[in-house]
Amino acid sequence: MNARPKKSFGQHFLHEKRYIERIVSAVAPRDGDTVVEIGPGEGALTLPLLAAARQLTAIELDTDLIPALAVRAAAVGKLEIIQADVLKVDFRTLAKRLGAAQLRVAGNLPYYISSPILFHCVEHADAIQDMHFMLQKEVVERMAAAPGSKVYGRLSVMLQLACRVTPLFDVPPEAFRPPPKVDSSVVRLVPLPPAERHDADPERLYNIVKAAFAQRRKTLSNGLKQQMSADAIRQAGVDPGARAETLSPQEFVSLAKVAVAHAEQS
Ligand code: SAM
């Protein structure tokens, strides 16, 4: 199978065996796991994952790739292919339909929508046991960055508040057909257990993090002017003169909680 890869679908097919093997051993699927793959493409990861888990659900947007993949998978295990945009798939409904408490999600993601896919998965984190994704190396660095780092930002805060983020290994462009212009990395995301999840209002938190990093060179009292007063920032235990990039994810949670309390009082 050598379909012409479509740029508009972010198609870069993995062909180097040793990276395929490393990804499959990082996922370590077991017979009975409910594995869901995002973007199976020509099946580089699908077939070895299917061989280990015996059944797998794959979500693929490109209708042209589906018939050949179904034929190749038939001798390996039970593959269900959902033709859909993954952003429209409700993982909670899918888990219920598959009779699974939680899904194991994996994929060599289409880079043009990698952040929306990450946020979509985080929104469904309670239906997910773990995720293994191939992404641009630069995106994985931002996801795992600590406060104070130049690449620490919205993605770092929102993902670290929902998951344990572990970068695993890098993959060079030559491992793909066609090679992407950037280096890639594989990352593991494990949703936090309920007791460790934040209890701030999600929309308020999202808006505060977004506003704070939209003006990352400004002080928080400036950047969050529309959201909360300097006094309210102080009440959250945060210095209004600080910059967003120095705050821990937990400090953003404190800001969101105080902002909600103030909005309720006024
Ligand atoms: N898993 C294959 C591999 O490793 O060789 C293909 C990976 S390729 C980087 C990304 C795959 O995601 C392509 O098959 C592409 O058609 C599919 N894709 C792109 N946009 C998608 C979307 N919105 N929802 C589901 N799949 C999508």
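Output the residues belonging to region 173-204 that are open to solvent by less than 30 Å² (accessible area, probe 1.4 Å) and closer than 27 Å to P110 by Cα.
Kept after step one, since they are open to solvent by less than 30 Å² (accessible area, probe 1.4 Å), are these residues of region 173-204: 173, 175-176, 180, 184-187, 189, 191-192, 200.
P173, A175, F176, P180, S184, S185, V186, V187, L189, P191, L192 - these are the residues of region 173-204 that are open to solvent by less than 30 Å² (accessible area, probe 1.4 Å) and closer than 27 Å to P110 by Cα.
Check off (1) open to solvent by 50 Å² or more (accessible area, probe 1.4 Å); (2) in a helix (DSSP H, G or I); (3) over 21 Å from E21 (Cα atoms) for A101 and give me the number that stays unchecked.
Here A101 clears every test but (2).
Please give the helices (runs of 4 or more DSSP H) falling wholly within region 142-246 in which 3 or more residues are within 30 Å of A26 (Cβ to Cβ), modelled with pLDDT of 95 or more and within 18 Å of the chain's Cα centre (by Cα). Step through it out loud before you land on a result.
Details: elements: 154-160, 202-214, 220-223, 230-235.
Qualifying helices (runs of 4 or more DSSP H): 154-160.
Is one or more of the residues making up region 25-33 assigned to a helix (DSSP H, G or I), away from the ligand (no atom under 13 Å from the Cβ) and under 24 Å from A3 (Cβ atoms)? Please lay out each step first, then the result.
First pass over region 25-33, keeping only residues assigned to a helix (DSSP H, G or I): 25-27.
Filter once more, keeping what is away from the ligand (no atom under 13 Å from the Cβ): 25-26.
Next, from what is left, pick out any that are under 24 Å from A3 (Cβ atoms): none.
No; the residues of region 25-33 include none that is assigned to a helix (DSSP H, G or I), away from the ligand (no atom under 13 Å from the Cβ) and under 24 Å from A3 (Cβ atoms).
Select from region 252-266 the residues that are over 10 Å from I233 (Cβ atoms) and free of Cβ contacts under 8 Å to residues at least 60 places away in the same chain and list them in ascending order. Talk me through it step by step, then tell me what you get.
Keep residues of region 252-266 that are over 10 Å from I233 (Cβ atoms), which gives 252-253, 256-257, 260-266.
Selection gives A256, K257, A261, H262, A263, E264, Q265, S266.
Which numbered condition in (1) in a loop (DSSP other than H, G, I, E, B); (2) at pLDDT below 95; (3) open to solvent by 40 Å² or more (accessible area, probe 1.4 Å) is the only one that V76 fails?
(2)
Taking L49, is it open to solvent by less than 40 Å² (accessible area, probe 1.4 Å), modelled with pLDDT of 95 or more, touching a Leu at 6+ places or on another chain (Cβ under 8 Å) and within 11 Å of the ligand (Cβ to nearest atom)?
On the way: open to solvent by less than 40 Å² (accessible area, probe 1.4 Å): yes; modelled with pLDDT of 95 or more: yes; touching a Leu at 6+ places or on another chain (Cβ under 8 Å): yes; within 11 Å of the ligand (Cβ to nearest atom): yes.
Considered against the rule, which asks whether it is open to solvent by less than 40 Å² (accessible area, probe 1.4 Å), modelled with pLDDT of 95 or more, touching a Leu at 6+ places or on another chain (Cβ under 8 Å) and within 11 Å of the ligand (Cβ to nearest atom), L49 comes out as yes.
Would you mind stating whether T63 is among the β-branched types (V, I, T) and within 19 Å of the chain's Cα centre (by Cα)?
no
If I filter region 137-145 for residues that are open to solvent by 40 Å² or more (accessible area, probe 1.4 Å) and within 15 Å of the ligand (Cβ to nearest atom), do I get at least one hit?
Looking for residues that are open to solvent by 40 Å² or more (accessible area, probe 1.4 Å) and within 15 Å of the ligand (Cβ to nearest atom), one finds at least one in region 137-145, hence yes.
The values are calculated or read from the model by the stated rules, or taken from the named source; none is laboratory data. Keep in mind the model is a prediction, meaning the values are calculated, not measured. Cβ atoms come from the backbone with ideal geometry, glycine included; neighbour counts cover every protein chain shown. Ligands, DNA and RNA are stripped out before the accessible areas are found, and what is left, the full protein with its side chains, is counted by its heavy atoms. Shrake-Rupley method; radii C 1.70, N 1.55, O 1.52, S 1.80 Å.
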